[in-house]
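> Pasting a structure below so you can have a look.
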Amino acid sequence: MRIARFSIDGNVAFGAVEGDKPDELVLDIIKGIPFADFELSGTRVPLSKVRLLPPVLPNKVVAFGRNYAEHARELGNEVPDAPFAFFKPSTSVIGSGDEIQYPAFSQELHHEAELAVVIGRMCREVPRERVRDVVFGYTCANDITARDVQRREKQWARAKGFDTSCPLGPWVETDLDLSAAADLTIQLTVNGEQRQLGRTSEMVHPIEDLIVNISEAMTLLPGDVVLTGTPAGVGPLNVGDEVAVTIEGIGTLTNKVVKRG
């Protein structure tokens with residue numbers, strides 16, 4: 001099931017996305033929230049009539065860096081022996097169609113296409129064999145990075161945590177299991193030109209290891225998001241660019257870069 005969060009006529013709701021052709025997709029509005037038992041209302045609205053919002057409002061976004069060997073090498077970094085985590089605040093999250101605001105404190109904004117894991121239940125110290133039980137689904141992410149600030153400041157709070165630096169969407173796909181999510185094509189285009197192309201099977205540390213690693217340290221809550229790293233090919237974004245992340249079996253996340261006003 002593809003579950004989207006959207007607004008229409010000033011109201012916010014979740015809905016199940018139905019249909020196959022992009023111009024014929026409809027939303028069946030969900031009664032309740034998707035992290036608990038819910039029913040489909042049978043009330044359907046065309047996707048073209050709503051504004052897509054970030055598919056979840058995470059309490060926290062946990063991101064893992066340098067989890068694709070070729071990406072680590074392209075930036076001159078070593079591949080870490082253990083998962084390497086950092087955070088993006090909830091205020092960095094935007095949805096598909098929202099604008100990425102180029103921050104005034106950077107002159108080198110980069111794209112990073114990523115598979116995002118959405119947590120479905122409160123959990124801590126999750127054993128590897130139980131990871132599938134705490135995963136709600138998967139979505140597309142773009143870990144927008146102020147690369148010059150990242151180099152200059154060493155720690156990554158401003159470089160990766162600024163407002164609009166975490167596009168998520170367009171929806172959460174709940175029908176993928178861990179084995180399928182472990183080998184998906186992930187690609188990114190800028191103005192229609194391919195920049196990144198890889199497979200999630202290229203991760204140094206697989207999804208299970210990432211969830212085990214972070215849940216050893218902290219409680220994960222329903223709606224929290226785990227970013228799993230980016231394949232090689234990261235590069236610059238400029239004001240006016242349209243950047244799109246497409247992940248096999250999930251969909252396409254599209255955003256435009258604008259100057260922060």
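> With just the Cα atoms defining each centre, how far is region 159-183 from region 72-123? Give it in Å.
Here the two parts' Cα centres lie 10 Å apart.
> Lys259: which aspartates and glutamates have alpha carbons under 16 Å from its alpha carbon, excluding same-chain residues fewer than 8 sequence positions away?
The reachable aspartates and glutamates, counting only those whose Cα sits under 16 Å from Lys259, are Asp98, Glu99, Glu108, Asp163, Asp241, Glu242.
> Please report, in Å, the Rg and the Dmax of the chain, where both are computed over Cα atoms only.
Computed over the Cα atoms of the chain, radius of gyration and Dmax are 17.4, 53 Å.
> Output the pairs from Lys49/Lys160; Lys88/Lys154; Lys88/Lys256; Lys31/Lys60 with a Cα-Cα distance over 27 Å in this structure; if there are none, say none. Could the numbers behind the result be given before it?
Details: Lys49/Lys160 32 Å; Lys88/Lys154 16 Å; Lys88/Lys256 20 Å; Lys31/Lys60 25 Å.
The pairs that break the limit, which is 27 Å between Cα atoms, are Lys49/Lys160.
> So what's the back-of-envelope 222 nm ellipticity for the chain, counting only DSSP H runs of four-plus at -39500 (n - 2.57) apiece and dividing by all residues, rounded to 500? Could the numbers behind the result be given before it?
Details: 6 runs with 35 residues, N = 261.
After summing the helix terms and dividing by residue count, I get -3000 deg cm²/dmol.
> I'd like to know which of Thr252, Leu184, Ala157 lies farthest towards the positive end of the charge dipole of region 151-261, counting +1 on Cβ of Lys and Arg and -1 on Cβ of Asp and Glu.
So the residue we want is Ala157.
> Still on this structure, please answer the following. Based on Cα coordinates alone, diagonalise the gyration tensor for region 1-68, multiply each eigenvalue by 5, take square roots, and list the semi-axes in whole Å, largest first. Before the final figure, lay out each step's value.
Details: eigenvalues 118, 48, 31 Å².
Its equivalent ellipsoid spans semi-axes of 24, 16, 12 Å.
> Less than 13 Å Cβ to Cβ from Arg128, Lys/Arg counted +1 and Asp/Glu -1: what total charge do the surrounding residues give?
That works out to -4.
> Which of Pro80, His110, Tyr138 sits closest to the plus end of the dipole of region 61-142, meaning its Cα is farthest towards the positive end, when Lys and Arg get +1 and Asp and Glu get -1 on the C-beta?
Tyr138
> Report the Cα-based extents of region 16-139 along its three principal axes, largest first, to the nearest Å.
52, 41, 27
> Give the value in nm², to one decimal: projected area of the alpha carbon convex hull of region 105-234, averaged over all directions. Display every interim value, and only then the final one.
Values: hull surface 33.8 nm².
For region 105-234, the mean projected area of the Cα convex hull comes to 8.4 nm².
> Could you grab the relative contact order for region 18-124? Cα pairs under 8 Å, six or more apart, rounded to a whole percent.
Details: 98 pairs, mean separation 21.4, N = 107.
The value is 20 percent.
> Right, next: About its Cα centre, how strong a charge dipole does region 36-159 have in debye, to the nearest 20, once Lys and Arg get +1 and Asp and Glu get -1 at the Cβ?
Values: 17 positive and 17 negative charges, 54 e Å.
Here the size comes out at about 260 debye.
> For region 187-233, what is the largest minus smallest coordinate of the Cα atoms on each principal axis, given in angstrom and ordered from greatest to least?
Result, largest extent first: 40, 22, 11 Å.
> On to the next question. Around Met218, under 14 Å between beta carbons, what's the net of Lys plus Arg minus Asp minus Glu among the other residues? Mind dumping the intermediate values first?
Working: positive: Lys60, Arg124; negative: Glu125, Glu216, Asp224.
Residues close to Met218 contribute a combined charge of -1.
> Separate question: Could you give the size of the charge dipole of the chain about its Cα centre, using +1 on the Cβ of each K and R and -1 on the Cβ of each D and E, expressed in debye and rounded to the nearest 20? Please report the intermediate quantities before stating the final value.
Values: 27 positive and 37 negative charges, 169 e Å.
Value, rounded to 20: 800 debye.
> Follow-up question, since we're still on this one. Kindly report, to the nearest 10 Å², the accessible surface of Cys123 as traced by a 1.4 Å probe over protein heavy atoms only.
Answer for Cys123: close to 10 Å² accessible.
> Additional query: Contour minus end-to-end for Val258 and Arg199, with contour as 0.36 nm per residue of separation and end-to-end as the Cα-Cα distance?
On the way: separation 59, 0.36 × 59 = 21.24 nm, distance 2.92 nm.
Length gained, Val258 through Arg199: 18.3 nm.
The values are calculated or read from the model by the stated rules, or taken from the named source; none is laboratory data. Just so it is clear, the structure is predicted and the values come from calculations on it, not from any experiment. Reconstructed Cβ throughout: ideal geometry from the backbone, glycine too, with neighbour counts over all protein chains shown. For the accessible areas, the whole protein counts, side chains as well, though only heavy atoms, and no ligand, DNA or RNA atoms are used. Shrake-Rupley method; radii C 1.70, N 1.55, O 1.52, S 1.80 Å.
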